[in-house]
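Just dropping this structure here.
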Amino acid sequence: MHFTRAIVRPPARSFAGGLSSALEGPPDINQALVQHAGYVAALRDCGLQVTRLAPDAAYPDGTFVEDTAILTGRGAILTRPGAPSREGEVRSMAECLRNFYADLRGIAAPGTVDGGDICEADGHFLIGVSGRTNEDGAHQLAEHLGRLGYTSSIIDIRANPALLHLKSGIAYLGDGVWVADGGIQNDLRFQGCVNARDLILVPPSEAYAANCVRVNDAILVAAGYPQMSAALEKRGCRVVHLEMSEFRKMDGGLSCLSLRF
Ligand code: CIR
């Protein structure tokens, strides 16, 4: 898919008050802002026009905008995030998306969906049922996607506590190429999504780097994961390394910092 736009939201001063299981200490907000600026610059280098939402201290996790909506070529679906502290993040995203989407749907209670659990591969959507996305939300989303003319399948990742979201463990890079960390590869194979030839297997020591993003001709990947980086470069990809240490401390990966469309 060719992207022309992205939506981001720089971290708020309250960033360190967000949800985290990482046990890596509190993030430094000033460093996080520098890393976020680097991320935005990378998106612009890929040709994207970037819309910046205002940081809101009431939502310390609000910088992880990917969790608040699913954007497709035919319409957008606002989520209902699974963490109660994040529910309100959707309001400002809805306002923003009205500028771009005539067809804007939503997930209703008791359903919950986090965008990080949704992985699109050439018009087919994998929907992860996780600690954040529940079965009701997954089915509502599948129905919305079906009405928009897309297919989907649901993968339950709750048995894998290392994964906050489906995309914590997998990425689709286009042209049939998948990235997956070892804990989830068999689930994907079971779903018939991937075969050994088009799978880049992420070593356990570099599991965080499984959350990488294809943006037009580039793959954005977290800096500091040499094996992952080498595997991508071997395939002839243009690899852009981004410092993510402060977002990692808050369980956030590369994909969650933007919505791309
Ligand atoms: C949270 O726990 O909700 C945030 N601290 C991190 C969200 C990361 N989002 C993502 O991976 N899609």
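The values are calculated or read from the model by the stated rules, or taken from the named source; none is laboratory data. On a predicted model such as this, the values are computed, not experimentally measured, just so you know. Because the Cβ atoms are built from the backbone with ideal geometry, glycine has one as well, and the counts that use them run over all protein chains shown. Heads up: the accessible areas ignore ligands, DNA and RNA and are worked out on the full protein's heavy atoms, side chains in. Shrake-Rupley method; radii C 1.70, N 1.55, O 1.52, S 1.80 Å.
Which fully enclosed strands (runs of 3 or more DSSP E) of segment 78-137 have 2 or more residues being more than 16 Å from the ligand (Cβ to nearest atom) and within 27 Å of Pro55 (Cβ to Cβ)?
Numbers: elements: 104-106, 118-121, 124-129.
Because the criterion is at least 2 residues that are more than 16 Å from the ligand (Cβ to nearest atom) and within 27 Å of Pro55 (Cβ to Cβ), the strands (runs of 3 or more DSSP E) in segment 78-137 that meet it are 104-106.
While we're looking at this one, here's another question. Just give me the residues in segment 138-168 being in contact (Cβ under 8 Å) with a residue 40 or more places away in the chain, within 16 Å of the ligand (Cβ to nearest atom) and under 15 Å from Ile70 (Cα atoms), in sequence order.
Hits for segment 138-168 are Leu141, His165, Leu166, Lys167.
OK, next. Do you know which residues across segment 21-40 are open to solvent by 50 Å² or more (accessible area, probe 1.4 Å), of a type in the set (A, V, I, L, M, F, W, C) and more than 21 Å from Ser168 (Cβ to Cβ)?
Taking segment 21-40 as the starting set, the residues that turn out to be open to solvent by 50 Å² or more (accessible area, probe 1.4 Å) are 21, 23-24, 26, 28, 30-31, 33-34, 37.
Imposing the further condition that a residue be of a type in the set (A, V, I, L, M, F, W, C) reduces the set to 23, 33-34, 37.
Matches in segment 21-40: Leu33, Val34, Ala37.
With Glu143, Glu95, Glu87 as the choices, which residue is in contact with a strand residue (DSSP E or B) (Cβ under 7 Å, 6 or more places away or on another chain) and of a type in the set (D, E, K, R)? Let's see the steps before the verdict.
Working: Glu143 fails: in contact with a strand residue (DSSP E or B) (Cβ under 7 Å, 6 or more places away or on another chain); Glu95 fails: in contact with a strand residue (DSSP E or B) (Cβ under 7 Å, 6 or more places away or on another chain).
Step by step, each of Glu143, Glu95, Glu87 is checked, and only Glu87 is in contact with a strand residue (DSSP E or B) (Cβ under 7 Å, 6 or more places away or on another chain) and of a type in the set (D, E, K, R).
Within segment 1-15, which residues are without any contact (Cβ under 8 Å) to a residue 60 or more places away in the chain and open to solvent by 30 Å² or more (accessible area, probe 1.4 Å)?
Answer for segment 1-15, where residues must be without any contact (Cβ under 8 Å) to a residue 60 or more places away in the chain and open to solvent by 30 Å² or more (accessible area, probe 1.4 Å): Arg13, Ser14.
May I ask you to verify whether Arg74 is in a loop (DSSP other than H, G, I, E, B), surrounded by fewer than 23 Cβ atoms within 10 Å (Cβ to Cβ) and among the charged types (D, E, K, R)?
Numbers: in a loop (DSSP other than H, G, I, E, B): yes; surrounded by fewer than 23 Cβ atoms within 10 Å (Cβ to Cβ): yes; among the charged types (D, E, K, R): yes.
Taking the combined requirement at face value, the residue satisfies it.
For Ala58, indicate whether it is of a type in the set (A, V, I, L, M), open to solvent by 30 Å² or more (accessible area, probe 1.4 Å), within 16 Å of the ligand (Cβ to nearest atom) and on the phi < 0 side of the Ramachandran plot.
Yes.
When you go through Arg235, Arg214 one by one, which is the residue that is charged (D, E, K, R), under 25 Å from Lys249 (Cα atoms) and open to solvent by 30 Å² or more (accessible area, probe 1.4 Å)? Full working, then the answer.
On the way: Arg235 fails: under 25 Å from Lys249 (Cα atoms).
Sole residue among the options that is charged (D, E, K, R), under 25 Å from Lys249 (Cα atoms) and open to solvent by 30 Å² or more (accessible area, probe 1.4 Å): Arg214.
Could you grab me the full set of residues in segment 108-133 that are farther than 21 Å from Gly18 by Cβ, under 18 Å from the mean Cα position of the chain (by Cα) and of a type outside the set (Phe, Trp, Tyr)? Walk me through it before giving the result.
Restricting attention to segment 108-133, the residues satisfying the condition of being farther than 21 Å from Gly18 by Cβ are 108-111, 119-127, 129.
In the following step, the residues that additionally are under 18 Å from the mean Cα position of the chain (by Cα) were identified as 119-127, 129.
Residues satisfying the conditions are Cys119, Glu120, Ala121, Asp122, Gly123, His124, Leu126, Ile127, Val129.
Specify which of the listed residues (Arg147, Arg105, Arg91, Arg98) is crowded, with 17+ Cβ neighbours inside 10 Å and of a type in the set (D, E, K, R). I'd like the intermediate steps shown before the answer.
Working: Arg147 fails: crowded, with 17+ Cβ neighbours inside 10 Å; Arg91 fails: crowded, with 17+ Cβ neighbours inside 10 Å; Arg98 fails: crowded, with 17+ Cβ neighbours inside 10 Å.
Just one listed residue meets the conditions, Arg105.
If the requirement is being closer than 24 Å to His36 by Cβ, within 16 Å of the ligand (Cβ to nearest atom) and in contact with a Cys (Cβ under 6 Å, 6 or more places away or on another chain), which of these qualifies: Ala209, Ala171?
Values: Ala209 fails: in contact with a Cys (Cβ under 6 Å, 6 or more places away or on another chain).
Going through Ala209, Ala171 in turn, the sole match is Ala171.
Are any residues in segment 45-55 away from the ligand (no atom under 16 Å from the Cβ) and within 18 Å of the chain's Cα centre (by Cα), and if so, which ones? I'd like the intermediate steps shown before the answer.
Here is the first cut: in segment 45-55, the residues away from the ligand (no atom under 16 Å from the Cβ) are 45-52, 54.
Within segment 45-55, Cys46, Leu48, Val50, Thr51, Arg52 qualify.
Is at least one residue of segment 19-35 within 16 Å of the ligand (Cβ to nearest atom), under 23 Å from Gly137 (Cβ atoms) and at pLDDT 95 or above? Walk me through how you get there before you give the answer.
We begin by selecting, within segment 19-35, every residue within 16 Å of the ligand (Cβ to nearest atom); these are 19-29, 32, 35.
Now drop any that are not under 23 Å from Gly137 (Cβ atoms), which leaves 19-21.
Imposing the further condition that a residue be at pLDDT 95 or above reduces the set to 19-20.
The answer is yes, given that some residue of segment 19-35 is within 16 Å of the ligand (Cβ to nearest atom), under 23 Å from Gly137 (Cβ atoms) and at pLDDT 95 or above.
If you scan segment 242-254, which residues turn out to be surrounded by fewer than 23 Cβ atoms within 10 Å (Cβ to Cβ) and within 8 Å of the ligand (Cβ to nearest atom)?
Taking segment 242-254 as the starting set, the residues that turn out to be surrounded by fewer than 23 Cβ atoms within 10 Å (Cβ to Cβ) are 242-243, 245, 248-249, 251.
Passing the criteria: only Asp251.
Okay, moving on. Please give the number of the condition Asp181 fails out of (1) at pLDDT 95 or above; (2) crowded, with 22+ Cβ neighbours inside 10 Å.
(1)
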